[in-house]
Amino acid sequence: MKSMIIQGGNRLAGEITIGGAKNSTVALIPAAILADTPVQFDTVPDILDVHNLMIILESMNVHSDFNHGVLNIDPTQIIESELPSKAIKSLRASYYFMGALLGRFHRAVLTFPGGDNIGPRPIDQHIKAFKAMGAQVVENDGKVNITAENGLHGARIFMDMVSVGATINSILAAVRADGTTVIENAAKEPEIIDVATFLNNMGAKIRGVGTDVIRIEGVDSLRSMNTHTIIPDRIEAGTYLSLAAAVGDGITLHNIIPEHLESFTSKMIEMGVQLKIGEDSIFVPHSGALQAINVKTLPFPGFATDLQQPITPLLACAKGVSVIVDTIYPQRVKHIPELQKMGLDISAQKDVILVDHSTKLHGAQVDAGEIRAGASLMIAGLMASGQTVITHADNILRGYDRIVWKLNRLNANVHIEDESGVEVTE
């Protein structure tokens, strides 16, 4: 278990380049095993989830190497094998191997995926889609056995609820199936478009991504002809935007797609943050008086659930009481008792989070229960006086590319320690 040590109180300034999207990357890596050639990804974030996915690939004799943001994957010698349960349980996105293996071998056996505990996130919509395409699914002893002895066929799939994971998994299974698959009530997130772009560039026939109806005509083979550059991470960007407004004296974020952040930046502007938004960058000046706002999380293009925790410390800078309603994961509240330890006036009442003006945060020992909770504690630690120790900082490292290096370049004082208190690199 690693800890993040923050000496708070520094004002931050400078420039940050946003890395590739975590939520794209964790789907693209499983998608790579559908290819009949080696594949290459660029701007891959250096996060723990990538390294865990590489362990899973190796268990299938899929060799990969990762250097300076470039990830090479060679699935040409892939074999069927039992996937390592420890790596599967460490991240929820491992469930994308269900669709990818089903598309490649017409069968898959996986341990139930793990990841952050942020409330119920059932995989019933994934299983419903696989069954519609002709697969049989058996769940027992903590494992999911999926088989399609006669191969997969096209089908019409209606998602009972908008689900990014189920939409992507359905695409992965359908892209090499026989016939045409139509996914209705599909999720519209940019990361889904990124995955479809990668597959289409290899010869897939996917139309309608970014809308609520996606059509996939199955193909026999997928062959990579060029490097796929992963889109910028809008959640990392939003986290740094919140940080910059809370403790910044002028911070510029590069490698941004502003359209992906409109629901977030519009709320910052409503608070009174004078953002200067360019074509692929955003400048956050020193913030003056801020006003309380109401935030409601919704599927894209609404306010992302992954950003409700990172914006929370910034809301504490605003006059009045801000209100957050997370309609996606109402139980995403692990950060609340930890922020209270640091003097932040925050509470949850019947799935509504209330954040009051809090001017004097102080350092404390707190626990990063999951990725985005850890991000909110990190921002609060930078705002607070004294030292903050965030335990289970591995969760933060799962989702944020070279975060210590980026923060310290802005004049932060942050480092990582192992269980024995020895400073370690990310």
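Observations on the structure shown:
- Share of carbon and sulfur in the accessible heavy-atom surface of region 281-426 [1.4 Å probe, %]: 51 percent
- The long axis of helix 164-174 is offset from the longest Cα principal axis of the chain by roughly 20 degrees.
- For the chain, calculated [θ]222 nm from helices alone, where every DSSP H run of n ≥ 4 adds -39500 (n - 2.57): -8500 deg cm²/dmol
- Here the Karplus relation 6.51 cos²θ - 1.76 cosθ + 1.60, evaluated at θ = phi - 60°, turns the backbone of region 311-327 into coupling constants of 7, 4, x, 5, 4, 5, 7, 8, 6, x, 10, 8, 10, 10, 10, 9, 7 Hz, with x for every Gly and Pro.
- R0 of 30 Å, Cβ-Cβ distance Met1-Ser347: FRET efficiency to nearest 0.05: 0.60
- Positive-end residue of Ile47, Ser358, Gly151, charge dipole of the chain with Cβ unit charges: Ser358
- Sparsely packed trypsin sites (Lys or Arg not before Pro) within region 335-412, loop by DSSP, other Cβ within 10 Å at most 11: Lys350, Lys360
- Portion, in percent, of the accessible area of region 1-142 that falls on carbon or sulfur, probe 1.4 Å: 49 percent
- Accessible area (Å², per residue) of region 73-230, counting only protein heavy atoms and a probe of 1.4 Å: 42 Å²
- For Leu57, neighbours were defined as the other residues whose beta-carbon sits under 12 Å from its Cβ, and their charges (Lys and Arg +1, Asp and Glu -1) total -3.
- Helix 234-247 and the longest principal axis of the Cα set of the chain meet at an angle near 0°.
- Crossing angle, helix 190-200 versus the chain [Cα axis fit, 0-90 degrees, rounded to tens]: 30 degrees
- Set the Cα radius of gyration of region 366-426 against 2.2 N^0.38 Å, with N its number of residues, and you get 1.03.
- Remark: region 89-215 projects, on average over all directions, an area of 7.3 nm² (convex hull of Cα atoms).
- Highest-fluctuation residue, Gln77, Gln331, Gln349 considered, GNM on the chain with Cα pairs under 10 Å: Gln349
- Along region 388-394 the Karplus relation, 6.51 cos²θ - 1.76 cosθ + 1.60 evaluated at θ = phi - 60°, assigns HN-Hα couplings of 10, 10, 9, 7, 6, 5, 3 Hz to successive residues, with x for each Gly and Pro.
- Whole-Å semi-axes of the ellipsoid equivalent to region 218-261 (Cα gyration tensor, √5λ, descending): 35, 11, 7
- Secondary structure note: in the chain, about 70% of the DSSP beta bridges are antiparallel.
- As computed over region 179-223, the Cα convex hull volume per residue (Å³): 48 Å³
- The GluC sites (Glu not before Pro) of region 232-295 meeting both criteria, a DSSP state outside H, G, I, E and B (loop) and at most 12 other C-beta atoms within 10 angstrom of the site's C-beta, are Glu279.
- Once P(r) over Cα pairs in 20 Å bins from 0, in percent is calculated for the structure shown, the corresponding label among (i) 27, 56, 17, 0; (ii) 23, 52, 23, 1; (iii) 23, 49, 27, 2 turns out to be (i).
The values are calculated or read from the model by the stated rules, or taken from the named source; none is laboratory data. Not measured: the values here are computed from a predicted model. As a convention, Cβ positions derive from the backbone with ideal geometry for all residues, glycine included, and neighbour counts pool all protein chains shown. Each accessible area value is taken on the protein alone, full model and side chains, heavy atoms only, with ligands, DNA and RNA left out. Shrake-Rupley method; radii C 1.70, N 1.55, O 1.52, S 1.80 Å.
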